[in-house]
Structure formats: C-alpha cells, structure tokens
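The values are calculated or read from the model by the stated rules, or taken from the named source; none is laboratory data. Predicted model only: the values in this text are computed from it and were never measured. Here the Cβ is made from the backbone with ideal geometry for all residues, glycine too, and neighbour counts use every protein chain on show.
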Amino acid sequence: MNQTLDLLLKRRTHRSFSAEPISASDKRYIQEATLRAPTAGNMMFYSVIEVTDQDARQQLARLCDNQPMIATAPLVWLFLSDTRKWVNYYHESGTVEKGKDLAVSWRAPGAGDLLLAMSDALIAAQTAVIAAESLGIGSCYIGDILENHEQVSALFKLPQYTAVATLVIFGHPKSHEPLAFPAIRCPIDSIFMENTYTEPHLEDLQVAFGAQEQQLRNQKRLPFENTGTISDYYYFRKHTSGFMEEMNRSSKAIIETWLA
Ligand SMILES: Cc1cc2nc3c(=O)[nH]c(=O)nc-3n(C[C@H](O)[C@H](O)[C@H](O)COP(=O)(O)O)c2cc1C
C-alpha cells in the first residue's frame with residue numbers, strides 16, 4: 001500500500017459541500033495536475049470552462065435534470081471535447097492552403113476525432129478529480145450534462161467540433177463521516193477478462209451485482225415492495241426513465257452536430 005493507492009481506494013463522490021471556497025493555490029494545483037493527463041498525440045483535444053456566472057449555474061442545475069448542488073458548489077468545471085482549436089489552427093496558420101499545393105485536401109473532423117477528444121476530456125476530468133481528492137476536495141460528476149444539447153450549447157456558446165464530455169463539481173465535503181451505505185463495486189472477476197470478451201449471463205450477473213442488490217434490499221429500495229431485483233431497480237429507475245430518453249435524444253444531436 002502507498003498514499004496514492006490509499007487515496008484511490010478511499011475516493012468517493014461528494015454531493016454536499018461547505019461554503020469554504022477552493023483556494024487559488026488549490027485550484028492551481030488541480031489545473032497543473034489536469035494538464036499532466038495524457039492526451040492523444042499530446043494534442044490536448046479538450047478545454048475546460050469554469051462556470052462562475054450564477055445565472056449560468058442556475059440554468060445548468062435545471063438543464064442537468066434539476067440537481068441544485070450544481071448552482072451552489074464552490075467550483076464547477078465543464079469538460080469539453082475540443083477539436084475546434086486544431087481546426088482553427090490548421091486553417092488560420094495556412095496549413096490547409098499548403099495542403100492544396102501538396103494534393104492534400106481538407107478533412108473535416110469525424111467520429112474518430114470526436115471519440116479521441118472525448119477520451120482526452122474524460123481522462124483530464126478524472127485526473128482533476130483525483131488531484132482534488134488529494135487536497136481534501138470532494139467532487140461529483142454530472143452525467144446529465146449530456147441532456148439538453150441545444151440549450152447547453154447556446155449557454156456556453158459552443159461551436160461545431162466542441163462537445164460536452166462531462167461536468168464535475170468540486171468543494172470541501174460537508175461531512176467526513178463514513179457513509180452508512182458506501183457504494184459497493186462488482187467483484188474483480190466480473191470486470192477483468194482475459195484475451196476475449198466473456199459475455200455475462202444471469203448467474204454471472206447475479207454474482208456480479210449480488211452485494212449491491214443485498215444493500216438495496218437492506219435499504220428497502222427495491223421495487224415491488226422490496227421483493228424485486230437490482231435488475232428491476234435499474235430497468236425501471238434508469239433504463240426506461242424519461243431522463244435517459246432525453247439523454248439519448250440529446251447525445252444523438254451532439255454527434256450529429258459534430259458530424260454535420
Ligand atoms: C459518468 C458519470 C456520471 C454521473 N452523474 C451523476 C449525476 O448526474 N448526479 C450525481 O449525483 N452523481 C453522478 N455520478 C456519480 C455516481 O453516482 C457515483 O460515482 C456512483 O454512484 C459511485 O459512487 P462513488 O463515486 O461514491 O463510488 C456520476 C458518475 C459518473 C462516473
């Protein structure tokens with residue numbers, strides 16, 4: 001064991017923060033650590049918008065399926081996939097023009113560029129999360145940022161070849177008490193495979209998610225008066241929910257806008 005592993009093994013999401021602001025030096029450390037995240041070809045296909053405008057934060061909280069902590073968290077960072085910077089560089093520096101003389105024609109960014117940029121942005125986000133954690137600053141990802149593409153893009157003036165990757169909120173945790181029900185993970189063997197994909201079926205999945213199911217049962221959170229399964233729980237609560245329908249509509253629009 002070492003300090004890094006200890007930090008990784010103890011990290012958890014925090015959603016409730018004290019009013020204590022993130023100091024300028026802590027923010028700087030998180031930024032420096034984020035910049036050290038690996039990126040494809042070291043091209044840094046990502047940007048981060050710090051959302052300080054209170055009205056924008058309030059709108060963001062509403063657009064992200066009404067999560068009020070977004071409006072009150074001390075630090076809110078929107079991680080963007082960003083190929084736009086290179087599109088501009090290629091054009092504005094004359095490289096695309098030079099290409100014409102060399103019979104190299106302009107290629108607009110495609111799906112591969114989007115996925116690479118998404119990878120860069122998400123790796124950067126997790127690096128920021130871990131750097132923050134090491135400073136005693138908690139964080140929470142907001143996956144609902146993938147909803148309401150049109151309004152989010154308008155709010156942050158996002159041009160084509162930028163796309164939201166994720167939103168992370170940071171702050172000093174209000175409480176350091178251990179959780180009564182910490183988030184349980186699947187066993188190692190249900191995640192790590194060797195050489196080829198091993199498709200999990202019912203019995204494997206019951207083993208993989210058995211501990212989580214038992215925890216939900218103890219919390220009396222399963223459907224059908226707590227007689228249901230964890231499969232019922234996620235199917236009815238998430239998979240067939242209105243917010244997943246909106247996330248899928250909006251994500252398709254994100255991809256179509258990029259590829260248009
Ligand atoms: C991609 C992603 C999206 C998430 N979106 C949300 C969210 O919108 N709201 C929220 O409260 N937590 C969100 N979370 C936090 C998860 O709920 C949390 O990581 C999970 O329950 C495991 O708990 P732990 O991080 O404390 O181990 C998200 C996490 C990830 C990785």
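Please specify each residue of the range 76-106 satisfying the condition of being more than 16 Å from the ligand (Cβ to nearest atom) and surrounded by 19 or more Cβ atoms within 10 Å (Cβ to Cβ).
Applying the first criterion (more than 16 Å from the ligand (Cβ to nearest atom)) to the range 76-106 yields 82-106.
Hits for the range 76-106 are Asp82, Thr83, Arg84, Val87.
Filter the range 154-178 down to the residues that are hydroxyl-bearing (Ser, Thr, Tyr) and part of a strand (DSSP E or B), then identify the one that is farthest from Trp86 (Cα to Cα).
As a first pass, look at the range 154-178 and keep what is hydroxyl-bearing (Ser, Thr, Tyr): 161-162, 166, 175.
If we keep only those that are part of a strand (DSSP E or B) too, we end up with 162, 166.
Details: Thr162: 11, Thr166: 21 Å.
My answer is Thr166.
Listed here are the residues, each with its yes/no results for (1) away from the ligand (no atom under 16 Å from the Cβ); (2) among the basic types (Lys, Arg); (3) surrounded by 16 or more Cβ atoms within 10 Å (Cβ to Cβ); (4) farther than 22 Å from Phe156 by Cβ.
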{"site": "Leu7", "(1), (2), (3), (4)": "no, no, no, yes"}
{"site": "His14", "(1), (2), (3), (4)": "no, no, yes, yes"}
{"site": "Ser18", "(1), (2), (3), (4)": "yes, no, no, yes"}
{"site": "Met43", "(1), (2), (3), (4)": "yes, no, no, no"}
{"site": "Thr52", "(1), (2), (3), (4)": "yes, no, no, no"}
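Which is out of contact with any His (no Cβ under 8 Å at 6 or more places or on another chain) and part of a helix (DSSP H, G or I), of Tyr141, Tyr90? Talk me through it step by step, then tell me what you get.
Values: Tyr141 fails: part of a helix (DSSP H, G or I).
So the residue among Tyr141, Tyr90 that is out of contact with any His (no Cβ under 8 Å at 6 or more places or on another chain) and part of a helix (DSSP H, G or I) is Tyr90.
Can you work out which of the residues in the range 9-49 that are among the β-branched types (Val, Ile, Thr) and part of a helix (DSSP H, G or I) is farthest from the chain's Cα centre (by Cα)?
Ile30
Check Ser153, Ser190, Ser250, Ser231 and return the single one that is closer than 23 Å to Gln58 by Cα and in contact with a Leu (Cβ under 9 Å, 6 or more places away or on another chain). Please lay out each step first, then the result.
Working: Ser153 fails: in contact with a Leu (Cβ under 9 Å, 6 or more places away or on another chain); Ser190 fails: closer than 23 Å to Gln58 by Cα; Ser231 fails: closer than 23 Å to Gln58 by Cα.
Of the residues listed, the single one that is closer than 23 Å to Gln58 by Cα and in contact with a Leu (Cβ under 9 Å, 6 or more places away or on another chain) is Ser250.
Quick one: in the range 165-180, of everything that is within 12 Å of the ligand (Cβ to nearest atom) and surrounded by 11 or more Cβ atoms within 10 Å (Cβ to Cβ), which residue is farthest from Tyr141 (Cα to Cα)?
Across the range 165-180, the extreme among qualifying residues is Pro173.
Somewhere in the range 141-154, is a residue within 11 Å of the chain's Cα centre (by Cα), within 12 Å of the ligand (Cβ to nearest atom), among the acidic types (Asp, Glu) and more than 13 Å from Arg11 (Cβ to Cβ)?
Of all residues in the range 141-154, those within 11 Å of the chain's Cα centre (by Cα) come to 141-146.
Subset that is within 12 Å of the ligand (Cβ to nearest atom): 141-146.
Within this subset, residues satisfying the condition of being among the acidic types (Asp, Glu) are 144.
Now drop any that are not more than 13 Å from Arg11 (Cβ to Cβ), which leaves 144.
The answer is yes; a qualifying residue exists.
Pairs only if they're at least six apart or on different chains, beta carbon under 6 angstrom, first in the range 51-69 and not assigned by TED's automatic domain parsing to the domain that holds Met244 and among the hydrophobic types (A, V, I, L, M, F, W, C), second in a loop (DSSP other than H, G, I, E, B) and within 15 Å of the ligand (Cβ to nearest atom); list them, first residue then second.
Note: pairs meeting the criteria are Ala61/Gln67; Ala61/Pro68; Leu63/Asn148; Met69/Arg15.
Any chance the range 146-153 includes a residue that's in a helix (DSSP H, G or I), of a type outside the set (Val, Ile, Thr) and without any contact (Cβ under 8 Å) to a residue 60 or more places away in the chain? Even if it seems obvious, please write down each step before you answer.
First, the residues of the range 146-153 that are in a helix (DSSP H, G or I): 146, 149-153.
Narrowing the set further to residues that are of a type outside the set (Val, Ile, Thr) leaves 146, 149-151, 153.
Filter once more, so that each one left must be without any contact (Cβ under 8 Å) to a residue 60 or more places away in the chain: none.
There is no residue in the range 146-153 that is in a helix (DSSP H, G or I), of a type outside the set (Val, Ile, Thr) and without any contact (Cβ under 8 Å) to a residue 60 or more places away in the chain.
Report every pair of residues separated by at least 6 positions or lying on different chains whose Cβ atoms are under 8 Å apart, first residue within the range 212-239 and without any contact (Cβ under 8 Å) to a residue 40 or more places away in the chain, second among the β-branched types (Val, Ile, Thr).
Pairs found: Gln212/Ile184; Gln212/Ile230; Glu213/Thr229; Glu213/Ile230; Gln215/Ile184; Leu216/Ile230; Leu222/Thr229; Leu222/Ile230.
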